[in-house]
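Chemist: Submitted below is the structure of interest, expressed as structure tokens.
The values are calculated or read from the model by the stated rules, or taken from the named source; none is laboratory data. Fair warning: this is a prediction, and the values are worked out from it, not measured in the lab. Please note: Cβ atoms are built from the backbone with ideal geometry, for glycine as well, and neighbour counts cover all protein chains shown. Surface areas here come from the heavy atoms of the whole protein model, side chains and all, with no ligands, DNA or RNA. Shrake-Rupley method; radii C 1.70, N 1.55, O 1.52, S 1.80 Å.
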Amino acid sequence: MNSIVCVKQVPDTEIRIEIEDGQVVEEKLQYVINPYDEYAIEEALRLREKFGEGQVTVLTLGPERAREAIMQALAVGADEAIHLADEAFQGGDAYATAKALAEAIVRLGLEYDIILCGKQGVDHDNAQVGIALAEMLNLPHVSLVTKLEVADDKSKATARREVEGGKELVETPLPAVITAQKGLNEPRYPTFTGIRAARKKPIHKKTAAELNVDPETVGAAGAKLGIVSLSPPLERSAGHIISGNPVEACGELVRLLREEAKVV
Ligand SMILES: Cc1cc2nc3c(=O)[nH]c(=O)nc-3n(C[C@H](O)[C@H](O)[C@H](O)COP(=O)(O)OP(=O)(O)OC[C@H]3O[C@@H](n4cnc5c(N)ncnc54)[C@H](O)[C@@H]3O)c2cc1C
């Protein structure tokens, strides 16, 4: 069972993000693997184990620092990686990102039975790249998957999705793109031997020129959306603590809602 896992590096959400002059202050950031992509990696490893054969290929678009995320994916058991580190690939929107990933898959002639992505990147939260990638590769896709079963002949998969007020069971022919939702599995941790083995695993860095991709179609040049401005969320004013017995407190709450918040 050959799978491709699209893995993005994102700022650690535990770290406070600072914005100066409309730009994220990158120096103060620490980076991690996008949490939803950890479920995607784990699912790919489990499928390889289920079928007892196959390759797990990590595909990452990102600057040099994204190599850390790739190494983590290799340390838990992925076999090899493709790193789209070329400046031409950077700074694009979800469409341009998906385009670059699709071009790499097609032009490198990667063989796959399934493509796994996270449901969204926790930094830009587009939740689009996986679906756009499926469209560009003319593949079916199932998003927000919390349970995945692949048929023994690898011809199709049954995916469970959490939807408003219930669960949906979707059957899809393979190959297909699956986006992983929290709960799909319990990602494993890298072992010491896994971390050591990762250093020997191949990471193929590819430029737009090497892939013969027109740089005007990817990255910032290929973006359909431009970020107009970036500003930190407004500081929340301190809340009110209302004391006194319940009746008095209720009266005071209504007065505040009416006179200050003006919502009643
Ligand atoms: C310097 C910079 C400039 C930017 N400029 C713009 C801009 O002008 N307009 C704009 O709209 N956005 C811009 N972005 C944001 C950019 O759109 C997103 O980072 C990118 O499209 C992915 O969005 P997302 O994580 O929200 O994707 P989602 O659609 O939420 O990602 C879903 C899944 O797709 C896969 N995936 C996503 N990104 C990658 C990746 N890089 N490598 C491998 N797999 C991936 C992962 O599996 C991920 O879980 C910029 C980002 C940067 C860093």
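Chemist: Only residues that are within 22 Å of residue 86 (Cβ to Cβ), near the ligand (Cβ under 10 Å from one of its atoms) and in contact (Cβ under 8 Å) with a residue 40 or more places away in the chain: list them for region 111-143, please.
Modeler: 115, 117, 121, 123, 129, 130, 133
Chemist: Now a separate question. In this structure, does residue 182 turn out to be of a type in the set (Lys, Arg), modelled with pLDDT of 95 or more and either under 26 Å from residue 198 (Cβ atoms) or not assigned by TED's automatic domain parsing to the domain that holds residue 210 (or both)?
Modeler: yes
Chemist: Just to be sure I understand the filter: pairs with C-beta atoms under 6 Å, separated by 6 or more residues or on different chains, first member in region 201-215 and in the same structural domain as residue 64 (by TED's automatic domain parsing), second member open to solvent by 60 Å² or more (accessible area, probe 1.4 Å) and not in a loop (DSSP other than H, G, I, E, B). Which pairs pass?
Modeler: So the pair list comes out as 208/215; 211/107.
Chemist: Has region 9-29 got at least one residue that is surrounded by fewer than 20 Cβ atoms within 10 Å (Cβ to Cβ), within 11 Å of the ligand (Cβ to nearest atom), of a type in the set (S, T, N, Q) and in the same structural domain as residue 210 (by TED's automatic domain parsing)?
Modeler: Yes: one or more hits.
Chemist: Okay, next question. How many of the residues in region 61-110 are more than 13 Å from the ligand (Cβ to nearest atom) and of a type in the set (Val, Ile, Thr)?
Modeler: Number of matching residues: 2.
Chemist: Moving on to the next point. Criterion first (free of Cβ contacts under 8 Å to residues at least 40 places away in the same chain, β-branched (Val, Ile, Thr) and loosely packed, with under 13 Cβ neighbours inside 10 Å) does residue 146 satisfy it?
Modeler: On the way: free of Cβ contacts under 8 Å to residues at least 40 places away in the same chain: yes; β-branched (Val, Ile, Thr): yes; loosely packed, with under 13 Cβ neighbours inside 10 Å: no.
Taking the combined requirement at face value, the residue does not satisfy it.
Chemist: Scanning region 215-227 for residues that are modelled with pLDDT of 90 or more and open to solvent by 80 Å² or more (accessible area, probe 1.4 Å), which turns out nearest to residue 18 (Cα to Cα)?
Modeler: Ranking the candidates gives 225 first.
Chemist: Restricting region 158-182 to residues that are touching a residue at least 40 places away in the same chain (Cβ under 8 Å) and within 19 Å of the chain's Cα centre (by Cα), which is surrounded by the fewest Cβ atoms within 10 Å (Cβ to Cβ)?
Modeler: For region 158-182, the residue satisfying everything is 182.
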